[in-house]
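Before I ask anything, here is the structure I am working with.
The values are calculated or read from the model by the stated rules, or taken from the named source; none is laboratory data. Keep in mind the model is a prediction, meaning the values are calculated, not measured. Neighbour counts are summed over all protein chains in view; Cβ atoms, including those assigned to glycine, are modelled from backbone coordinates with ideal geometry.
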Amino acid sequence: MKEHLKANLGGFFISVTLIDIAIFILGGLLEPDMRFGYEAFIYPIIYGVLGSLPGLVMYSKKELTIKQTIVREIIQMLMIVALIIAFMFGRFKVVPDVIPQIIGVAISVMVIYVLVHFFSWLIDLKTANLMTEDLKKYQAKVSGK
């Protein structure tokens, strides 16, 4: 459970960074003249928390098959998309004017979800390679080479 929480925390920080980038890009494309106050700085953190919640809820101690893992990841991504869209647009009546924003947000959330997993995988790969090198050094030391 501790490793799961640590992974989710790492994913949260990667998410917040990527959310900032997505807001910058989408804002520049969809609402280039809009300006925000300081309260806008809290939204990436809120979105990061919303994006982390399904990962905490869907934790399983049981080892999953590849098919189960893929299905779980798809469900988790769709839950995150739904949570963030509901948070952003839930208080508004969905009218044709906001449909491009909703689509943009949904695509951004999916891209961010994939990138978070990709960057987490890269970090895990680097850690695994370092551990492998350390094991090789240890084995060489123990065997006297």
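Within segment 54-76, restricting attention to residues that are hydrophobic (A, V, I, L, M, F, W, C) and farther than 22 Å from LYS2 by Cα, which residue is surrounded by the fewest Cβ atoms within 10 Å (Cβ to Cβ)?
Looking at the filtered set, the residue picked out is ILE66.
Then there is this: Please work out if ILE102 is surrounded by 12 or more Cβ atoms within 10 Å (Cβ to Cβ), of a type outside the set (S, T, N, Q) and closer than 15 Å to LEU18 by Cβ.
So ILE102 does not fit the description; no.
Let me ask another. State which residue is farthest from the chain's Cα centre (by Cα) when the search covers only segment 21-53 and only residues that are surrounded by 16 or more Cβ atoms within 10 Å (Cβ to Cβ) and closer than 21 Å to LEU122 by Cβ.
The qualifying residue farthest from the chain's Cα centre (by Cα) is ALA22.
Right, MET88: at pLDDT 90 or above and either touching a helix residue (DSSP H, G or I) at 6+ places or on another chain (Cβ under 7 Å) or more than 21 Å from TYR43 (Cβ to Cβ) (or both) or not?
Spelling it out, it is not the case that MET88 is at pLDDT 90 or above and either touching a helix residue (DSSP H, G or I) at 6+ places or on another chain (Cβ under 7 Å) or more than 21 Å from TYR43 (Cβ to Cβ) (or both).
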